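The values are calculated or read from the model by the stated rules, or taken from the named source; none is laboratory data. Every value quoted in this text rests on a predicted model; they were computed, and no experiment measured them. Because the Cβ atoms are built from the backbone with ideal geometry, glycine has one as well, and the counts that use them run over all protein chains shown. Heavy atoms of the whole protein, side chains included, go into the accessibility calculation; ligands, DNA and RNA do not. Shrake-Rupley method; radii C 1.70, N 1.55, O 1.52, S 1.80 Å.
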Amino acid sequence: MELGESVKRNLTTSAYAQFSGRASRSEYWWFFLGSFLIGIALGVIDAALGSAVLTSLFVLGIIIPSIALNVRRLHDTGRSGWYMLLSLIPLFGPLVLLVFYASQGDKRANAYGPVSK
């Protein structure tokens, strides 16, 4: 999956709030990169305008698709979406989640669906 394809897929109705299924490692990281770059661009525009409106609206707009993608990424590694609660543990939790997000997904169908492309 490529950058534009991942961002488009996760910000449209097909996967905007889809918490079931699986998301490949490339889909996850391309969406992360795309969101980061868009956020930087909007931050620069906001700084030039002297406000934070565009960045705030963007962040509000990607909260649900980001959570859904995180859950689907955990599903790809054979873990429940409830593992996202690890992020509430200072320092240790986000590092563990980073390892989960970066790890290779199951090569066969698991309880969460067929292999993601």
For Asn110, which sequence-distant residues (separation of 5 or more, or a different chain) have an amide H within less than 5 Å of its own amide H, given hydrogens modelled in the peptide plane? none
Put a dot 7 Å past each Cα toward the Cβ at Leu37 and Ser80; how far apart are the dots in nm? 3.7
Determine the per residue accessible area of the chain with all protein chains present and a 1.4 angstrom probe, expressed in square angstrom. 61
Could you sort the peptides 62-71, 95-104, 31-40 by per-residue average Cβ neighbour count (10 Å cutoff), highest mean leading? 62-71, 31-40, 95-104
Cβ-based charge dipole, segment 1-99, positive-most Cα from Ala48, Gly78, Ile64: Gly78
For the chain, what relative contact order do you get, as a whole percent, if you take Cα pairs closer than 8 Å and at least 6 residues apart? 32
Excluding ligands, DNA and RNA, the carbon-plus-sulfur percentage of the accessible area of the chain with a 1.4 Å probe reads 72
Using only DSSP helix segments of four residues or longer, with each worth -39500 (n - 2.57), what per-residue ellipticity at 222 nm results for the chain after dividing by its residue count and rounding to 500? -20000 deg cm²/dmol
